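Working notes, structure below.
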């Protein structure tokens, strides 16, 4: 088996056909725990999120980004698409998976002290996120035209090092959250080692998964099952 650095495993991709993300299962030779990695884009077709939710419901535990509420990033994308008159990809919605309805426990590394309850509305903090994102998205769509998606860096592999516009933003929104997520996954491995077989679903924005794959494939020695499943988020 080649080291993780040699895999070049694709996690999400943009092509002339659309945007799709993978569902990849990592298995350990001596541990019955499996990680089901589900990088997600925050805007997509309704059936994309339905299929993600259906796969999560088959897991024994879910590790999810943020809290159980609509995605402010996805809402900003959908609003910008509507305001800019973009029609590429057909009818799209923002990410809004009802984790409370899955029927499985949910762990939230980003918000460990938040109540694990469903919120159907954006908070004032979410709205602030929308207000900050909208101008950038509108300019990107106006300048990029039909190619605006290519500029969103949605192509993600385990070899990537996702970065934001500044080092400070990268540290806050990528590095710190990567560390919290990876620490949670390592803890779950330690707690469940030698226990009955169990799938842990991991659903986060795609930019966080290079760090996840490197951590699980490094000292923990997890390896991917042969064939990943691909889900179409946006169909051109």
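Computed from the coordinates by the stated procedures, all read-outs in this text should not be read as laboratory data. For clarity, every value in this text was computed on a predicted model and none was experimentally measured. A quick note on method: Cβ atoms are made from the backbone with ideal geometry, for glycine too, and the neighbour counts reach across all protein chains shown.
So if we plug the beta-carbon distance of residue 55 and residue 143 into 1/(1 + (r/R0)^6) with R0 = 30 Å, what FRET efficiency do we get, rounded to 0.05? Result of the calculation: an efficiency of 0.25. Given R₀ = 22 Å, what would the calculated FRET efficiency be for residue 176 paired with residue 127, taking r from the Cβ atoms and rounding to 0.05? Plugging the Cβ-Cβ distance into 1/(1 + (r/R0)^6) gives 0.45. The residues 140, 22, 195, when put in order of fewest to most other Cβ atoms within 10 Å, stand as 195, 140, 22. Ranked by how many other Cβ atoms sit within 10 Å of their own Cβ, fewest first, the residues 31, 59 fall in the order 31, 59. The ranking of 75, 209, 236, 17 by Cβ neighbour count inside 10 Å, starting from the fewest, reads 17, 236, 75, 209. Potential lengthening of the chain between residue 110 and residue 226 amounts to 38.7 nm, from the contour at 0.36 nm per residue minus the alpha-carbon distance. Each of residue 101 and residue 190 was given a label point 7 Å from its Cα along the Cα-to-Cβ line. The distance between the two points is 3.7 nm.
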